[in-house]
Amino acid sequence: MRLGLKWLLWFIGIGIYVMSLGGVFYYNLFKWTFDEKLKQEMIEKVKVYAPTLRTGLLKSSKAISFDEYDIMQSLIKDDRISSVLYLSRVGAIRWHKEARFIGIPWDEFQRDVPPPTDAINQAYSSKMPKVRQVPKQPFYEIAIPFSVRGEIIGIMDLLVSRAGAEMLIGSAMRKYIFGALGVLFLLGLPLYFFLHHYVISPLEILRDSIDSISLKSPNLRFKPRVDEIGEISSSISLFLGKVKNEIEAISNRDKTYRSSEEKWWRVLLNIIMPNEQYVMVVDENNSILYANFKLDADMDSKNVHLLDVIDSQQQNLLRMVGNAFEEPDKLIEGETVFKNENMNVKVLHIEESSDVSRTLILFSPKSRITV
């Protein structure tokens, strides 16, 4: 996988991880903010009417006044309020949207319409407003007690919908997602250009420079840099220098060895071979390593192939050389024509390994062979 794609996947993965964590945090923050705002608005709205409600509760515990009735109608018209339950100080239903419940005792009302939570009991016990979320439903039950000199004279119970708060939370989360994606894009774009300009592009140039290296030109053509990529290129250049020195050393050693071997063959064969006999020593590449006769003037004495000396029409000689290759260390004998003379031929192939071998070819005039 390419570095740019890895970086992109890594950046997207980290971005999604951070966005998810931020989303959880902001969702809970928005939920708390908007829910608290909804609760406080409902409590403050009732507190505004509290003086009028207290007056009505003190005047009559059975029937509500016109002012209290107007307050109930105002509360019902609020889209956030699903139901209103108004209790008197004697525990009777003072107002409900269903007239059949008005005036009945609280205990009887609970049997017919069980309260969604214990908010009323908690508010009555603590003499403080209590908010409870209805289980598995998008509602809050808010119970607000009214007291005079520490004595509870009535309770207002509201069932408030969270639909509006959830819409606000959803809207805020959508804005958060779009904002986070925008920040991720605006942050990732310059980071990608930085990565491409300072990392990917130099690495591609370094790759092309390495691809252009050959044995004839083992040099790294790469502009020096003062960063980690520059250190890598320096290390590669240092390695290439070592390889070049090793190759040159091996080449010089091979040349020295070849020269020594050629001298060895020349001295040895000049001593033991009669002048009328011709001899050639061929290396593993079928190049003439040594010959006791003069080669053609247009041939490079250091790079003469066997086929440059032997005519390809001399099939008999070529077959003998092939047989010698198939049977190393075995003397192969036969006849051929060499330098316009009928010759007896002896071929011996000595193989040290697949990379090192020598072939000795000896030509003797037939007229001078002793039987």
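Just to verify a result, which residue in segment 139-164, among those that are of a type in the set (A, V, I, L, M, F, W, C) and either outside the structural domain of Gly91 (by TED's automatic domain parsing) or more than 57 Å from the chain's Cα centre (by Cα) (or both), is surrounded by the fewest Cβ atoms within 10 Å (Cβ to Cβ)? Give the steps one after another, and end with the answer.
Within segment 139-164, the first condition is being of a type in the set (A, V, I, L, M, F, W, C), and the residues that meet it are 139, 142-144, 146, 148, 152-153, 155-156, 158-160, 163.
Checking which are either outside the structural domain of Gly91 (by TED's automatic domain parsing) or more than 57 Å from the chain's Cα centre (by Cα) (or both) leaves us with 144, 146, 148, 152-153, 155-156.
Details: Ile144: 24, Phe146: 24, Val148: 12, Ile152: 17, Ile153: 19, Ile155: 26, Met156: 28.
Across segment 139-164, the extreme among qualifying residues is Val148.
Look through segment 159-187, keep the residues that are of a type in the set (Val, Ile, Thr) and assigned to a helix (DSSP H, G or I), and return whichever of them is nearest to Lys31 (Cα to Cα). Lay out the reasoning, then the answer.
Here is the first cut: in segment 159-187, the ones of a type in the set (Val, Ile, Thr) are 160, 169, 177, 183.
Retained after the next criterion (residues that are assigned to a helix (DSSP H, G or I)): 169, 177, 183.
On the way: Ile169: 6, Ile177: 16, Val183: 23 Å.
The qualifying residue nearest to Lys31 (Cα to Cα) is Ile169.
Where in segment 64-155 are there strands (runs of 3 or more DSSP E), lying wholly inside it, with at least 3 residues that are of a type in the set (D, E, K, R) and over 22 Å from Glu44 (Cβ atoms)?
Answer list for segment 64-155: none.
Please go through (1) loosely packed, with under 12 Cβ neighbours inside 10 Å; (2) under 27 Å from Ile12 (Cβ atoms) for Lys223 and return the number of the only condition it doesn't satisfy.
Status for Lys223: all satisfied but (2).
Tell me the residue from Asn316, Asn275 that is of a type outside the set (Gly, Ala, Ser) and touching a Gly at 6+ places or on another chain (Cβ under 8 Å), please. Quick ask: steps written out before the conclusion?
On the way: Asn275 fails: touching a Gly at 6+ places or on another chain (Cβ under 8 Å).
Result: Asn316 is the single residue among Asn316, Asn275 that is of a type outside the set (Gly, Ala, Ser) and touching a Gly at 6+ places or on another chain (Cβ under 8 Å).
Does segment 71-78 contain any residue that is surrounded by fewer than 15 Cβ atoms within 10 Å (Cβ to Cβ), over 24 Å from Phe109 (Cα atoms) and at pLDDT 85 or above?
Looking for residues that are surrounded by fewer than 15 Cβ atoms within 10 Å (Cβ to Cβ), over 24 Å from Phe109 (Cα atoms) and at pLDDT 85 or above, one finds none in segment 71-78, hence no.
Looking at segment 52-86 only, could you name the residues that are closer than 16 Å to Pro115 by Cβ and in contact with an Asp or Glu (Cβ under 7 Å, 6 or more places away or on another chain)?
Within segment 52-86, Leu85 is the sole residue that qualifies.
Among the residues of segment 196-241, count how many are free of Cβ contacts under 8 Å to residues at least 24 places away in the same chain and closer than 16 Å to Gly4 by Cα.
Result for segment 196-241: 5.
Applying the selection to segment 81-104, what residues are over 14 Å from Gly56 (Cα atoms), touching a residue at least 40 places away in the same chain (Cβ under 8 Å) and touching a Leu at 6+ places or on another chain (Cβ under 7 Å)?
Ile81, Ser82, Ser83, Val84
The values are calculated or read from the model by the stated rules, or taken from the named source; none is laboratory data. What you see is a predicted model, and the numbers here were worked out from it, not measured in a lab. Positions of Cβ are generated from backbone atoms using ideal geometry, with glycine treated the same way; all protein chains shown enter the neighbour counts.
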